[in-house]
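The values are calculated or read from the model by the stated rules, or taken from the named source; none is laboratory data. Just so you know, these numbers come straight off a predicted model, no measurement behind them. Please note: Cβ atoms are built from the backbone with ideal geometry, for glycine as well, and neighbour counts cover all protein chains shown.
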Amino acid sequence: MIGVVAFSFTLPFTRAAVEGLSPLFIGSARAVVAALLAALALGFTRQRRPEMVQWVRLGVVAAGVVVGFPLLTSYALVSVPASHAVVVIGLLPAATAVMAVVRGRERPGRSFWVFAALGTVAAMSFASLQNGGLGEFHEADLLLFLAVVLCALGYAEGGLLARELGAWQTVSWALIVASPLMIASTLVSIALEPPRAEPVEWAAFAYLAVVSMFLGFFAWYRGLAIGPIARVSQVQLAQPVLGILWSALLLHEAVGLPTVLGGLAVIACAGLAVRGRINRKDA
């Protein structure tokens, strides 16, 4: 839940940052800053280097959570509000569960899938109501859907790697893997459009770089490593509720009764999905 709270600010702060910074700069430069922090942490603690197969798997993590999700959501949020993006990102817990089944060979029970599906429907429904309905299909939705798929893959693979390398070590090595590409993209973005932003937009960018891209994964990958990944990922059903709350407070978007009722439904479904694991373990 600590990781979910940390990530819940990502879309609102990305929406704030794109007001003064280019999407390419936001998506790439935040990874460069996080990679510098990761290099310092790995160097000071003298972590052992991953094995060859682990490097390949770290590339999958990097493609999902370091490159894919940040860049795709940054470009999408240029044309759609944060509350609309939350509608699509609400599919992430279900997508992560599917990836955990495919990649991690987990076999959740029937009750898990029922509550996970109900939670996804609840998250999508209340976010849609808050946004006034999905309306016509946005081109940005394609970017958001692809971001969900890549992020879910990065979450599932990262959760498995965290059991071998450690939680913060996994995200740190993934940032190192992606750093050459992210540095090059940052330089290109600066050449095409030199960053000129207000202090509030730089503050949003700083959060994205330090917390969303680095510190938040300390808790999130640790939770996924404890697992099972499919069930633990359902805690993220609370993220749409928090995301719209922050959008209302920070971006001044209206929040009504549907948000409150939908939020309670989402949290209840997440709790029931996670509790299914505890009951079976006790039995």
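Just to be sure before I move on: is SER172 of a type in the set (S, T, N, Q), buried (at least 16 other Cβ atoms within 10 Å of the Cβ) and within 20 Å of SER74 (Cβ to Cβ) in the structure I sent? For SER172, the condition - of a type in the set (S, T, N, Q), buried (at least 16 other Cβ atoms within 10 Å of the Cβ) and within 20 Å of SER74 (Cβ to Cβ) - is not met.
Those helices (runs of 4 or more DSSP H) of region 202-283 in which at least 1 residues are crowded, with 17+ Cβ neighbours inside 10 Å and modelled with pLDDT of 75 or more, considering only elements entirely within it, cover 216-226, 229-232, 239-251. Among the residues of region 40-56, not a single one is buried (at least 17 other Cβ atoms within 10 Å of the Cβ), of a type in the set (A, V, I, L, M, F, W, C) and under 30 Å from THR120 (Cα atoms).
Does any residue of region 154-168 turn out to be under 15 Å from LEU36 (Cα atoms) and touching a residue at least 24 places away in the same chain (Cβ under 8 Å)? Within region 154-168, one or more residues are under 15 Å from LEU36 (Cα atoms) and touching a residue at least 24 places away in the same chain (Cβ under 8 Å). GLY109 falls short on exactly one of the conditions (1) farther than 23 Å from TRP220 by Cβ; (2) modelled with pLDDT under 70, and that condition is (2).
Table: residues versus (1) acidic (Asp, Glu); (2) modelled with pLDDT under 90; (3) buried (at least 19 other Cβ atoms within 10 Å of the Cβ); (4) more than 17 Å from ALA62 (Cβ to Cβ).
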| position | (1), (2), (3), (4) |
| --- | --- |
| ALA127 | no, yes, yes, yes |
| GLY132 | no, yes, no, yes |
| PHE137 | no, yes, no, yes |
| LEU143 | no, yes, yes, yes |
| LEU165 | no, no, yes, no |
| ALA178 | no, no, yes, no |
| ILE190 | no, no, no, yes |
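From the list ALA16, ALA35, the one residue that fits, being part of a helix (DSSP H, G or I), out of contact with any Pro (no Cβ under 9 Å at 6 or more places or on another chain) and modelled with pLDDT of 95 or more, is ALA35. Out of ARG222, ARG231, one residue alone is within 24 Å of ALA63 (Cβ to Cβ) and within 18 Å of the chain's Cα centre (by Cα). It is ARG222.
Taken over region 62-96, the residue count meeting the criterion of being part of a helix (DSSP H, G or I), among the small types (Gly, Ala, Ser) and either in contact with a Leu (Cβ under 6 Å, 6 or more places away or on another chain) or at pLDDT below 80 (or both) is 7.
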